[in-house]
Every structure is written in C-alpha cells, then in structure tokens.
Amino acid sequence: MYVYDQYDQKIVDQRVQEFQDQVERRINGNLPEEEFRPLRLMNGLYNQLHAYMLRVAIPYGLLNTKQVRMLAHIARKYDKGFAHFTTRQNVQYNWPELEQVPNILADLASVQMHAIQTSGNCIRNTTSDEYAGVAPDELEDPRPYCEIIRQWSTFHPEFTYLPRKFKIAVTGAEKDRAAIQVHDIGLRLRKNSEGETGFEVYVGGGLGRTPVVGDVVREFLPKKDLLTYLEAILRVYNLLGRRDNKYKARIKIMLKALGRDKLAAMIENEWEHIKSSSLELTEEEIARVQDFFAPPSYETLDDLSELGDDNNQDFQRWVKQNVKPHKISGYAAVVVTLKSPDVAPGDITDSQLEKVADLADEFSFGMVRATHKQNLILADVKQKDLYTLWQALNDINCATANAGCITDMICCPGLTYCSLANAHSIPIAEEINQRFDDLDYVHDLGELRLNISGCMNACGHHHVAAIGILGVDKKGKEFYQVTIGGSSGDEASIGKILGPSFAREEIADAIENLVKTYVELRQDDEPFLETVRRIGTNPFKERLYA
Amino acid sequence: MPNLINTQSILDESWQDCQELEKIACDGDIIVAIDQVEYLDFEGHNGRVAVTVPNDEDIVELYPSINKADVIRLQFPAFADGRAYSQARLLRDRLGFEGDIRATGDVLRDQLFQMHRCGFSSFELREDQNAELALTDFSRFDVLYQPAADESLPLFKRR
C-alpha cells in the first residue's frame, strides 16, 4: 500500500494542528457554530442526533493491520467499543466528544490516517474495486490512480467550496464493482484501439434525491492527462454548477440540464487550456506510486480441488458464498462479513477489529480492505488456510455465509443516529434478517442486493439495489417505499417505485411477499434483478398490492 | 475603514466607492462596477481603479474590459460560495493578470490559505475577523500537492 513520505505526513500533522486550533476557537466562543460547521465537516465531523459523529477516511478502502488496530483503539478509547464501516469504504465513530476529536486525529496521523474531506462540499474519498489487484478480470490495478487522485484532491485550494459534495470512483476490471456510473466522476481503465491503457470517463452519476446514471464524456483519456482532465471537470462544475438549491447542486443536474454533448464540450474546452500544464502526469510519478502496490510475495501454489473439510456443511456454504476468486493460483479472497443477523450492518467491535488484524497478519500479508457493501476483505489468503481462517472468523461472528445474498444488506445508520433521517433503517434490517434466517433458503435466492436508506439522501444506496427500501416520514410516522430493479453494476439502473409506501409493521411482510413472487416467476438460476429486467415490475406490483 | 490585509501586513487604504454613483469621481482611488468600466479612462484616471466582478461573471470574456484595473475585487457573497476561487485562478494562470486580486464579502480567516493559493493578494476581511491573527493564517500548511498561483509545480515534480 502507499506509504507516506515526510511531505504526506507533514500535511496530515499540520491538519491536526489546524483543527485543534479551530476546535479551541469554537469552544472558547471565537468561532460561531455556523462557521465551524463547514470546517468540521471537511474533517468528517458531524453533529448527529445524540452526539458528534466522526468519519475517518480509508482511501480506496485499504488498511494495514497497524491501522486496523488503531481503529480498534479509537473505538475503545473514544467511542462505545464500536466502529461502523460505510458505503464510501470509510469508517465512522458515533460517540466522540468534540474536545477529544483533535486527539483522535493525532492518533490517526500516527498511523498515516486522517479524516480529511470525508464530508463537506469538496472532493471526497476516492473509492475503488474491493478486489483491486487480485481480481482475475482486471486490466490494471486502479489503486495507484486513486492515490494520485487522493493527493491532487487533498486541500485542493480551488475546489474546497464546491456547489455540493463530489465523489470519484475508479475501476480497473471488466466487471464494475466500484459503482462508477453512479459517481460524480467514474473512471474505468480500458485499452484503446492502439493498445494503450487509459480511462473511460463517466460524469454526472449520483444517488440522493434525484438518482442519475452517469454518461460517458470521454471514451479514452490517456493516463498522463488524468489530473488535468479532472481539474477541467471540477472547474466547469465549480463555476457553473447550481448553488441556489442544494438538492439541485450536484453535477448530475448539470448533466441533465445541459445534456451530455454540451457538458462534454465545455469540459474539453477548459481542458484544452490546461492539458499541457505542469499538472500533466509523468511516467515516473505513475511508476513511483505503482511501486507501492506491487503484488506481495506469493508462493507458487496450485489451486486446490477440495478446500478443507468436505463434510462440514457450514464451511462449504461459507466457501461457496464468501470466498472469491483470485488471479494467483492457490490463493483466494475472503469476505469477512459484518452482516451477522444480530448486528447492525457494517458494525464491528474493537475486539473483532483486533482479531481481524491478527488474522490478516497470519493469513493475508497484513492487509485488510473495507468494501462499499460494508464488509471487510482479506484479499490474499492461501486456499489451504481457508478452513483455519473460517474457524477463527466463526469464533468472532464474522463468518456469516451471506456475501451477496439478501441479508448482506447495505444500510445507513438511519434514525438510530442520523439527524437527517426520516425513519429507522437498522431495525428494518434486523427484522428482514429474522424473516430470512434460513441460510439454505437465502442461498437458494442467489444474488440479491437489498439496500436500505432512512431518508431520500440515499446513503444506503437503495436506488441501485435489486430491492431498495426508502424510509419516509408521513405525518410523523415512519413509512417505507419499495423500489426494485436497481443496480450499480455494468448496466447500472435506478430501481422503480412499486407503489404506495408501507407502514413500519408491514414492510417485512412486503419484502417476504416480493421474494416469494420472485421465486415463483424466476427461470432457472436467474437472479432477482434479471427476473425484474425480463418481466418488468408489474407482476410484483400486482402481488404486492393485491 | 475596511478590515484590509495582504499576506504581509494590515493595509491602510481609503477608496471612494463609485459603484452606486451615476458619475465616477475624477481622481483618487475609486471602486467601480463592471458596467461602469466602459465610461472609464483607466490610463487617464488620476488614482487607482478597483473593479468589482460578481462571481457569476465569465471572467475570461470580461477580462479585456478590465485588464487595466489596479485591483480586481472578486466576491464571496457567502464564504461557502467558492466560485471566485476559480475566477482568481483563471485571472492569474490563464489571463496573466498581475495586479492585485482582492477577496471581498464573507472573507474569513479559515479560507485565507486557499484564497492566497488561488491568486488572491489582498483580503477585505469581514468586520469581526481579527486582522492580526489573520496574518498568521497564510502559513498553516508547508506542503502543497497542487500547482496553483503560488506554486508552479505539483508536489510530484518537486519530491
């Protein structure tokens, strides 16, 4: 992974000092809350329903075990023993005290971490494919480019007060696991007809109140032009993005208003002026950053035809569901699920974190990844170690065999913590878990993404789920709207609303009903999403509102 | 008296604000609006000229009419409205303006560092901002990843 040099370290250290000063001015009354707010947000500090919430950046989801242990330490010392992984591959703490936040940031800086730009109307943490570097279908590892973007976007002086937040995702694989089409900018590494590798550039995707699938503004961008092109997009957006209404301020609204061709022309026009500027990337810089992501020292191993104990059904189910292919023979990637039925999706305790760190040291070159689906991954596990690893993960309740299944839900904190929420989401996830507690049935349902958002800001990505649940407030009561047919994959699509929303006590029944309908209507092994795409939403609608 | 600084010191300047006037003063340091510049003889004017540019103006298109100004005043109607950062960079990097670029409006201590990076050279602080302390805010960070008005090369070419 990328290792800070003295420059990177200094910038993070000076940020801690700056924030220390801002917090002091806030506490002694020299900085009004209204002006402190954007400053703390740019450091990931929210003021939630019960307490402050601190969001810590995990650039493109990658952590070493020293960092994982620090996250555990922070959970224990400054929180109630929990950390919560988010859909931006970041981690959140729900109970820090304002006065303690500079100390937390100092602790983070000691392991080359920070909370810079994890909120606010600026460029946020760049996300990527959770299987970057190990996926068999990968053209090139996207993480060096994510790091290059991280450095360029950190404290970018021109883009600190954008019309709205700005999210970038990069993938290097054939299959898009980074949801690039629902990001403000999505980048996909690809080859052009001359065989050179560069980026396909999507602009204007996003979720929130107005979900939009992004459009391609440039089919091929040479690597050296990555930063100048991003700078051109951001400048056009900063100057011309709407600022009169925060719900119409994302770049997706510009895309809709201007159309793809016009927006692309404006970007190209700006880019012409700066493409040959000093910001043009050099081969040396790309190679320098790529060196940090060189593959670990894999052993020469053969793929195993039998993994561990054939008779142990629990283990075999886990292998089937949670073990993913690896480009090196004899290795596998393992999903450490944070979706056990009895915990809030994405939550992990300090002691679980420490155990995961131990296991990563023992079995996966000391590295852990956070995924946008709110799980962790050990990406480089020897197949022959899988059984031992499974036992250890089982001991800490992180081996629920449901990766990619209906119970592997993405779920925002909802009204349990969030001051924006209209409705609870965590208790809904809990209820759905109770309804789908038979693992055989869950596996029979196959790949089924179910996402829950507690309000239309859509942090739970409900629009891009095969089944999406959106919490709404109707005259002070919690209701839930159901969408189906969404996906953040290669053929990204926004789910369609089925009809009137359901009361809290009805929603789990409705989901059960929807799933039963699918089971009756599916053909062969067709996943839920494909059934919806084949037959449309009407058959589901009819059943649900019969 | 505006609460005015540059990156080095507190400035003591007095300007006559002619923006609302029908007739522009004949001499002295004056502030004018962009729709007044066509009546103005920049070279013949006896004193300095500052032009206020709204933050939704296309600065590139406007520039030929204001390039002789001594001061271009860019606006922050609210500190969170960041359009003038891009206008400043265009003025410095693209258009080569060498005069004073002044930040006006909701100009607060915590934004000075990036304003300076984008090419602002003087700052009309909001009344309640402490000018002495503000002078310390230009040195918050020693490391700059990006090229901008204050640094021609990105860090990756200086490492």
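Only the coordinates and a few stated rules stand behind these numbers; no lab work does. Here the structure is a predicted model, which means the values were calculated and not measured. Glycine gets a Cβ as well: all are built from the backbone with ideal geometry, and neighbour counts include every protein chain shown.
Numerical summary
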| quantity | calculated |
| --- | --- |
| Estimated FRET transfer efficiency (A:Leu49, A:Gln17; beta-carbon r; R0 22 Å; 0.05) | 0.15 |
| Nearest-0.05 FRET efficiency for A:Asn457 and B:Leu21, computed from C-beta distance (R0 45 Å) | 0.45 |
| Volume in Å³ per residue [convex hull over Cα atoms, computed for the stretch B:105-152] | 70 Å³ |
| Relative contact order [Cα under 8 Å, 6+ residues apart], the stretch A:6-109, whole percent | 30 percent |
| J(HN,Hα) series, the stretch A:90-96, from Karplus relation 6.51 cos²θ - 1.76 cosθ + 1.60, nearest Hz, glycine and proline x | 9, 10, 10, 10, 9, 9, x |
| Residue-by-residue Karplus 3J(HN,Hα) for the stretch A:482-491, coefficients 6.51, -1.76, 1.60, Hz, glycine and proline x | 10, 10, 9, x, x, 7, 9, x, 4, 9 |
| Residue order, fewest to most surrounding Cβ atoms within 10 angstrom, among A:Thr197, B:Thr104 | A:Thr197, B:Thr104 |
| The stretch B:3-157 - Rg over Rh from alpha carbon coordinates, Kirkwood radius | 0.97 |
| Between the stretch A:124-156 and the stretch A:224-242, the alpha-carbon center distance in angstrom | 19 Å |
| For the stretch A:203-212, Karplus couplings with θ = phi - 60° (6.51, -1.76, 1.60), whole Hz, Gly/Pro x | 9, x, x, x, 9, x, 5, 10, x, 9 |
| Two-site label geometry, B:Phe42 and A:Ala503: point separation in nm, points 7 Å out along Cα→Cβ | 7.1 nm |
| Helical mean residue ellipticity (222 nm; -39500 (n - 2.57) per DSSP H run of 4+; nearest 500) of chain A | -11000 deg cm²/dmol |
| Formal net charge of residues neighbouring A:Gly214 (Cβ-Cβ distance under 9 Å; K, R +1; D, E -1) | -1 |
| Rel. contact order, % - alpha carbon contacts under 8 angstrom, at least six apart, the stretch A:134-291 | 21 percent |
| Length-normalised contact order of chain A in % [C-alpha pairs under 8 Å, at least 6 apart] | 12 percent |
| Cα-based equivalent ellipsoid, the stretch B:1-64: semi-axes from gyration tensor eigenvalues, Å | 21, 17, 11 |
| Those GluC sites (Glu not before Pro) in the stretch B:112-159 that DSSP places in a loop and that have at most 10 other beta carbons within 10 Å | B:Glu127 |
| Amide H contacts of B:Gly105 (H built 1.01 Å from N, under 5 Å, at least 5 apart or other chain) | B:Phe76 |
| q = 0.10, 0.14, 0.19 Å⁻¹: log10 I(q)/I(0) that the Debye formula gives for the stretch A:134-291, counting C-alpha atoms only | -0.34, -0.68, -1.27 |
| Max mean-square fluctuation residue, GNM over chain B, Cα-Cα springs under 10 Å, options B:Arg94, B:Arg126, B:Arg83 | B:Arg94 |
| Backbone N under 18 Å from the B:Ala131 label point (7 Å along Cα→Cβ), restricted to the stretch B:11-25 | B:11-17 |
| Nearest-0.05 FRET efficiency for B:Glu151 and A:Ala546, computed from C-beta distance (R0 60 Å) | 0.35 |
| Overall dimensions of the protein assembly as shown by Cα: Rg and Dmax, Å | 26.9, 97 |
| Near-label residues of the stretch A:259-287 by backbone N, under 20 Å of a point 7 Å along Cα→Cβ of A:Leu139 | A:281-283, A:286-287 |
| Cα-projected label distance for A:Val216 with A:Asp395, points at 7 Å along beta-carbon direction, nm | 5.0 nm |
| Distance between modelled label sites at A:Gln313 and A:Arg534, nm, 7 Å Cα→Cβ extension | 2.8 nm |
| Above-threshold pairs, the threshold being 18 Å between Cα atoms, out of A:Lys496/A:Lys541; A:Lys224/A:Lys275; A:Lys167/A:Lys327; A:Lys320/A:Lys516; A:Lys373/A:Lys541 | A:Lys167/A:Lys327; A:Lys320/A:Lys516; A:Lys373/A:Lys541 |
